[in-house]
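A short worksheet on the structure shown next.
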Amino acid sequence: MYVIITLVVLAVFGYGGLRVANGTLSIGSLVAFLMFLFQLMSPLITFTSFFTQLQRAAGATNRITEIVQLKEEAGQEGIEMDISGLPLTFPDVHFSYGEEPVLEDISFTAHPGQKIAFAGPSGGGKTTLFSLIERFYEPETGSIVIGDTPIQELSMSSWRGQIGYVSQENAMMAGTIRENLCYGMEEEAVSDERLWEVAEMAYADGFIKELPDGLDTKVGERGTKLSGGQRQRINIARAFLRNPKILMLDEATASLDSQSEQVVEEALNRLMAGRTTFVIAHRLSTIVDADLILFIEKGHINGKGTHEELAQTHPLYQMFAEQQLT
Ligand SMILES: Nc1ncnc2c1ncn2[C@@H]1O[C@H](COP(=O)(O)OP(=O)(O)OP(=O)(O)O)[C@@H](O)[C@H]1O
Ligand SMILES: [Mg+2]
């Protein structure tokens, strides 16, 4: 738009100048004409920018209506059930996000109190499996069972209230550290002492104390004012706070330095005691003591057993183990 206007002004100026030079136009008329032209310009510019804004608003509105039309999760529908002491079973579960199958023939049982670890190359489907347990997605065939009850029959709030999930992705929101820790709980019901206690267990109390407002420090959009390791420790503290029956850790100690990793791992071990725990870790050192290691490759479980068993029978696991543990 600006380029066109400049070109038009230049053209009028050039042609008008020529006519003035050979006496067919008075200089006054040319100046008057140019003045009118300038007057016309600003409404023209407003008009075009109106159209750009209209386009933008249309795009945004589309996006908003898409979100508004999404089906809402039924939070309270279903049965309330205490899941402690019950085994979790995957009976031949299949799942895909689109066309390509992401998980196939997934079968295993996690007995209460056991630590089940998932290992395998990147993109194998480990996080997807956790999303199924969390009920972010539903399996295509086979339904995950807790005790004898398919987990879809439990109400979302009852089920998720008993699970702690430290995700691989950043799970922070804008707001204070307190709000992030208490997310989904009644904030008033959680005392400061309890918050500091879980922060200490997750090795996060040190840096929180150094922040200007302590627990009430604003962490910025998606927690951008904290480092990756700090965010992860807050996520771990959040899991501690819920005292979950089932704990899921997806690369929970991946972005910590080796010293805090050790401490957090100790804390996690304390937290895991007596609960069913699912762990995903690329570092084998964190999973060697698991009761059962499932090796997931391209959506299939192709190795099942303890560390010793897999180290003897599974070639790829052997390679992982050799690279990392020697
Ligand atoms: N939300 C999604 N929509 C579509 N495809 C997805 C989605 N999330 C993951 N995938 C695909 O599913 C496959 C498994 O992904 P997943 O995140 O479960 O792997 P992973 O085993 O956790 O890998 P990593 O060890 O790198 O975390 C990948 O091929 C990925 O491209
Ligand atoms: Mg993953």
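For the pair TYR2 and ILE45, the difference between a 0.36 nm per residue extended length and the Cα-Cα distance amounts to 14.7 nm. Computed over the chain with a Gaussian network model linking Cα atoms closer than 10 Å, the most mobile of ASN170, ASN22, ASN180 is ASN22. A simple rule links phi to the HN-Hα coupling: the Karplus curve 6.51 cos²θ - 1.76 cosθ + 1.60 with θ = phi - 60°, which for the range 224-236 gives 5, 7, 10, 7, x, x, 5, 4, 5, 5, 5, 4, 5 Hz, with x for Gly and Pro. Residues whose amide H falls under 5 Å from that of VAL279, counting only those 5 or more places apart or on a different chain, are ILE116, ALA117, PHE118, LEU249, with hydrogens built in the peptide plane.
Within the shell defined by Cβ-Cβ distances under 11 Å, the residues around LEU154 carry a net charge of -2, with Lys and Arg each +1 and Asp and Glu each -1. For TYR97, the solvent-accessible surface computed with a 1.4 Å probe is close to 120 Å², ligands and nucleic acids excluded. Taking ALA290, ALA57, ALA281 in turn, the Gaussian network model of the chain (Cα-Cα springs below 10 Å) assigns the largest fluctuation to ALA57. Using C-alpha pairs under 8 Å with a sequence gap of at least 6, the mean separation divided by the residue count of the chain gives a relative contact order of 20 percent. Across the range 18-25, computed HN-Hα scalar couplings (Karplus, 6.51 cos²θ - 1.76 cosθ + 1.60, θ = phi - 60°) run 4, 5, 5, 4, 9, x, 8, 9 Hz from first to last residue, x flagging Gly and Pro. Placing unit charges on the Cβ atoms of the charged side chains and taking the dipole of the chain about its Cα centre, the candidate lying farthest along the positive direction among HIS94, ASN170, TRP159 is ASN170. Backbone N atoms of the range 27-50 closer than 19 Å to the 7 Å Cα→Cβ label point of PHE13 belong to residues 27-42, 45.
Springs between Cα atoms under 10 Å define the GNM used for the chain, and in it the highest mean-square fluctuation of SER42, SER96, SER143 occurs at SER42. Under 5 Å between amide hydrogens, built in the peptide plane, is the criterion, and for GLY303 it picks out PHE295 among residues at least 5 positions away or on other chains.
Please calculate how many Å² of accessible area the chain carries per residue, with a 1.4 Å probe and no DNA, RNA or ligand atoms counted.
56
Phi angles across the range 204-220 convert, under the Karplus curve 6.51 cos²θ - 1.76 cosθ + 1.60 with θ = phi - 60°, into 3J(HN,Hα) values of 10, 5, x, 6, 5, 4, 7, 6, x, 10, x, 5, 9, 5, 6, 9, x Hz, Gly and Pro given as x. For LEU25, nonlocal amide neighbours, meaning residues 5 or more places apart or on other chains whose placed amide H falls under 5 Å from its own, are VAL20. With unit charges on the beta carbon (Lys/Arg positive, Asp/Glu negative), name the residue among ILE234, PHE278, LEU256 whose Cα is farthest towards the positive pole of the charge dipole of the range 227-299. So the residue we want is ILE234. When the chain is described by a simple charge dipole with +1 on each Lys and Arg Cβ and -1 on each Asp and Glu Cβ, the residue from ASN22, LEU215, GLY75 located farthest towards its positive end is ASN22.
Report D for the chain in µm² per second (integer): Stokes-Einstein, Kirkwood Rh on Cα pairs, 25 °C, 0.890 mPa s.
On the way: Rh = 24.1 Å.
It comes out at roughly 102 µm²/s.
Applying D = kT/(6 pi eta Rh) to the range 1-142, where Rh is the Kirkwood radius over alpha-carbon pairs, T corresponds to 4 °C and eta to 1.567 mPa s, the Stokes-Einstein value obtained is 57 µm²/s. Close lysine pairs were tallied over the chain: pairs 8 or more places apart or on different chains with Cα atoms under 14 Å apart number 4.
With all protein chains in place and a 1.4 Å probe, the accessible surface of the chain carries 56 percent carbon and sulfur. Applying a DSSP loop filter and a limit of 14 other Cβ atoms within 10 Å to the GluC sites (Glu not before Pro) in the range 167-202 leaves GLU169, GLU186. The packing ranking, built from the mean of other Cβ atoms within 10 Å per residue, places the peptides 118-126, 30-38 in the order 118-126, 30-38, highest first.
Under a model in which nothing but the beta-carbon of Lys, Arg (+1) and Asp, Glu (-1) is charged, the range 88-325 shows a dipole of about 200 debye around its Cα centre.
The values are calculated or read from the model by the stated rules, or taken from the named source; none is laboratory data. Worth saying up front: this structure is predicted, and the values here are computed from it rather than measured. So basically every Cβ, Gly included, is an ideal-geometry build from the backbone, and we count neighbours across all protein chains shown. The accessibility values were calculated without ligands, DNA or RNA, using every heavy atom of the protein model including side chains. Shrake-Rupley method; radii C 1.70, N 1.55, O 1.52, S 1.80 Å.
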